[in-house]
Amino acid sequence: MKSENLVIALTKGRILEETLPLFAEADIVPTEDVFESRKLLFDTNLENVKLMIIRGSDVPTYVEFGSADMGVAGKDLILEHGNNGFYEPLDLRIAQCRLMTAGPKNFSKSSDRLKIATKFTNIAKQYFADQGKQVELIKLNGALELAPLLGLADCIVDIVDTGKTLKANGLEPKQLIAEISSRVIVNKASMKIKNSTIRGILSKLRVAVSKSIS
Ligand code: AMP
């Protein structure tokens, strides 16, 4: 049977270092060193499979519009993007962390509208709306921990792993919003049209994940 051509979008950076061993276990290996090259699209040992290596926040967009058939992205970025246009069939159980609210120790402010700095404005908006809290969202792209220190915001919504970054900046984690890990996402049309190829890859990745956590 002929295998359909398939493009898989991977998140670059630290997540990629954890993703590639799982893909190798599933018999998908780029033909050159992706960490050395400045290319964005790579051939693999499988003639029909190519890997795109891009920013995590762009992975859901490429997969939603079908330029990539599949992708690997953090759950935080998937939640922020919204999951129209793709399925999320597999948790790779890598890059695990938590999306949390955080703020200064002993912080309490119940009456006024809270000012929240975050790069996850959609998630934060939904989270505080669900809690019936009125908040003012301030979009930042990095160094969020500075916002409460400098009076730009009362609290932040950010990724927490060890909690060291928060602590080093005089903040502490408060409420858990979501447990985060990297997920495989699949374009809905690709899932129909390229079903056997995609199912084959998913089942090999599923085995690779169970081996990696056992
Ligand atoms: P930590 O000091 O260990 O709590 O790390 C927190 C910082 O590391 C956050 O500000 C995040 O930007 C980054 N970080 C940690 N884990 C992840 C992850 N799985 N995905 C994306 N960013 C992460």
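The values are calculated or read from the model by the stated rules, or taken from the named source; none is laboratory data. Predicted, not measured: the structure shown is a model, and the values here were computed from it. Cβ atoms come from the backbone with ideal geometry, glycine included; neighbour counts cover every protein chain shown. For the accessible areas, the whole protein counts, side chains as well, though only heavy atoms, and no ligand, DNA or RNA atoms are used. Shrake-Rupley method; radii C 1.70, N 1.55, O 1.52, S 1.80 Å.
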- Expected field for residue 16, accessible surface area in Å² at 1.4 Å probe radius, rounded to 10, holds 0 Å²
- Query: In this model, which of 139/188; 12/39; 39/204; 188/211; 119/164 are farther than 22 Å apart at the alpha-carbon?
  - Reply: 139/188; 39/204; 188/211
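With each run of n ≥ 4 DSSP H residues scored as -39500 (n - 2.57), what mean residue ellipticity at 222 nm is computed for the chain after dividing by its residue count and rounding to the nearest 500 deg cm²/dmol?
Helix-only estimate at 222 nm: -9000 deg cm²/dmol.
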- Task: Specify the angular offset, from 0 to 90 degrees and rounded to the nearest 10, of the alpha carbon long axis of helix 14-25 from the longest principal axis of the alpha carbons in the chain.
- Result: 30 degrees
- Task: Positive end of the charge dipole of the chain (Lys, Arg +1 and Asp, Glu -1 on Cβ, about the Cα centre): tell me which of 180, 90, 129 has its Cα farthest that way.
- Result: 129
- Message: Principal axis extents for the range 1-67, Cα atoms only, whole Å, descending order, please.
- Response: 35, 27, 21
- Note on the structure: With DSSP loop assignment and no more than 16 other C-beta atoms within 10 Å, the trypsin sites (Lys or Arg not before Pro) in the range 104-182 are 105, 109, 113, 133
- Query: So what's the gap between the Cα centers of the range 180-214 and the range 123-168, to the nearest angstrom?
  - Reply: 33 Å
- Per residue, what volume in Å³ does the Cα convex hull of the range 97-178 take up? 84 Å³
- Tell me, what ³J(HN,Hα) does each residue in the range 131-148 have, in order and in whole Hz, if you take phi through Karplus 6.51 cos²θ - 1.76 cosθ + 1.60 with θ = phi - 60° and put x for Gly and Pro? 8, x, 9, 8, 9, 9, 9, 10, 7, 10, 9, x, 6, 4, 4, 6, 4, x
- Task: Could you state the angle between the C-alpha long axis of helix 195-213 and the longest principal axis of the C-alpha atoms of the chain, as a value from 0 to 90 degrees rounded to the nearest 10?
- Result: 60 degrees
- Task: Two decimals is fine: what is log10 I(q)/I(0) at q = 0.13, 0.16, 0.17 Å⁻¹ for the chain, from a Debye sum with one equal scatterer on every Cα and no solvent?
- Result: -0.77, -1.03, -1.11
